[in-house]
Amino acid sequence: RKEVEQDPGPFNVPEGATVAFNCTYSNSASQSFFWYRQDCRKEPKLLMSVYSSGNEDGRFTAQLNRASQYISLLIRDSKLSDSATYLCVVTGSGGSYIPTFGRGTSLIVHP
Amino acid sequence: SQTIHQWPATLVQPVGSPLSLECTVEGTSNPNLYWYRQAAGRGLQLLFYSVGIGQISSEVPQNLSASRPQDRQFILSSKKLLLSDSGFYLCAASRGNEQFFGPGTRLTVL
């Protein structure tokens, strides 16, 4: 089983739609969780951290479910500019600071 | 806030030629530094990481090497490039758990 798994997609949604991605992780000792966004041929950029209590930033909401070992990202009112690959990142398991990246979920928002 | 510089942005090299990619970090001291490679349509592969000057850990066996001659300088090298070395090379830095990436170098080996 891969350490961090994501559905590669692509998720193809119309503008204004709500879309959700899940990411599962295998190590129950993982400490920190993040979502990154990567545009085509660009570097990944931190989108948001994921806390146990969940967190929201505008149209984006991230949730952590430790019992089921997954994190989620919800995007409301999708914009064309949301089209990108969304990477799930897990770190801090077993005292390690080395992050583990998922392979990403591709989102395409169309008019 | 920290800024990560990488150069060159793109590079085309023949098989068997040497390689040197440089990464420098501004705005933070004593960061952890990382080199990743991303092949076309694939995920990020961690190549090397460093927790301090002269300290390098390799994650995968390969014909690449890394060095950290200064606190905020990280260099990726190869003596002889292979076709399979083509990819998007990303340098990253972290203090704490969040990582920040440089703009990357797109390497094509012909």
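The values are calculated or read from the model by the stated rules, or taken from the named source; none is laboratory data. In this text the structure is predicted, and so the values were computed from the model without any measurement. So basically every Cβ, Gly included, is an ideal-geometry build from the backbone, and we count neighbours across all protein chains shown. With ligands, DNA and RNA removed, areas are computed over all heavy atoms of the protein, side chains included. Shrake-Rupley method; radii C 1.70, N 1.55, O 1.52, S 1.80 Å.
Do any residues in region A:74-90 that are part of a loop (DSSP other than H, G, I, E, B) have Cβ atoms under 9 Å from those of residues that are among the basic types (Lys, Arg), where the two are at least six apart or on different chains, and which pairs are they?
A:ARG76/A:ARG59; A:ASP77/A:ARG59; A:SER78/A:ARG59; A:LYS79/A:ARG59
Exactly one of (1) under 12 Å from the mean Cα position of the chain (by Cα); (2) within 14 Å of another protein chain (Cβ to nearest Cβ) is unmet by A:GLU43. Its number?
Among (1) under 12 Å from the mean Cα position of the chain (by Cα); (2) within 14 Å of another protein chain (Cβ to nearest Cβ), A:GLU43 violates only (1).
Count, please, the residues in region B:53-96 that happen to be open to solvent by 60 Å² or more (accessible area, probe 1.4 Å) and within 13 Å of another protein chain (Cβ to nearest Cβ).
Summing the residues that are open to solvent by 60 Å² or more (accessible area, probe 1.4 Å) and within 13 Å of another protein chain (Cβ to nearest Cβ) in region B:53-96 gives 3.
Kindly indicate the residue of region A:91-111 that is in contact with a Leu (Cβ under 9 Å, 6 or more places away or on another chain) and not in a loop (DSSP other than H, G, I, E, B) and also most open to solvent (accessible area, probe 1.4 Å) among those meeting that condition.
By that ranking, first place goes to A:HIS110.
Looking only at region B:11-30, how many residues end up being out of contact with any Ser or Thr (no Cβ under 7 Å at 6 or more places or on another chain) and open to solvent by 40 Å² or more (accessible area, probe 1.4 Å)?
Number satisfying all stated conditions: 6.
Could you tell me which of the residues B:SER65, B:SER50 is among the small types (Gly, Ala, Ser) and over 27 Å from A:ARG37 (Cβ atoms)? Full working, then the answer.
Numbers: B:SER50 fails: over 27 Å from A:ARG37 (Cβ atoms).
None of the others qualify; the one that does is B:SER65.
Would region B:31-51 turn up any residue that is open to solvent by less than 60 Å² (accessible area, probe 1.4 Å), more than 13 Å from every other protein chain (Cβ to nearest Cβ) and either modelled with pLDDT of 95 or more or more than 18 Å from B:VAL15 (Cα to Cα) (or both)?
No: region B:31-51 contains no residue that is open to solvent by less than 60 Å² (accessible area, probe 1.4 Å), more than 13 Å from every other protein chain (Cβ to nearest Cβ) and either modelled with pLDDT of 95 or more or more than 18 Å from B:VAL15 (Cα to Cα) (or both).
Does region B:9-19 contain any residue that is in contact (Cβ under 8 Å) with a residue 40 or more places away in the chain, under 30 Å from A:THR105 (Cβ atoms) and in contact with a Pro (Cβ under 7 Å, 6 or more places away or on another chain)?
Scanning region B:9-19, I find at least one residue that is in contact (Cβ under 8 Å) with a residue 40 or more places away in the chain, under 30 Å from A:THR105 (Cβ atoms) and in contact with a Pro (Cβ under 7 Å, 6 or more places away or on another chain), so the answer is yes.
Going by what's in this entry, would A:ALA67 be described as free of Cβ contacts under 8 Å to residues at least 24 places away in the same chain and either in a helix (DSSP H, G or I) or open to solvent by 20 Å² or more (accessible area, probe 1.4 Å) (or both)?
Criteria met by A:ALA67.
Mind checking which residues of region A:2-24 are within 14 Å of chain B (Cβ to nearest Cβ) and either modelled with pLDDT of 95 or more or open to solvent by 20 Å² or more (accessible area, probe 1.4 Å) (or both)? If you could, list the steps in order and put the result at the bottom.
Going residue by residue through region A:2-24, those that are within 14 Å of chain B (Cβ to nearest Cβ) are A:2-10, A:23.
Across region A:2-24, the qualifying residues are A:LYS2, A:GLU3, A:GLU5, A:GLN6, A:ASP7, A:PRO8, A:GLY9, A:PRO10, A:CYS23.
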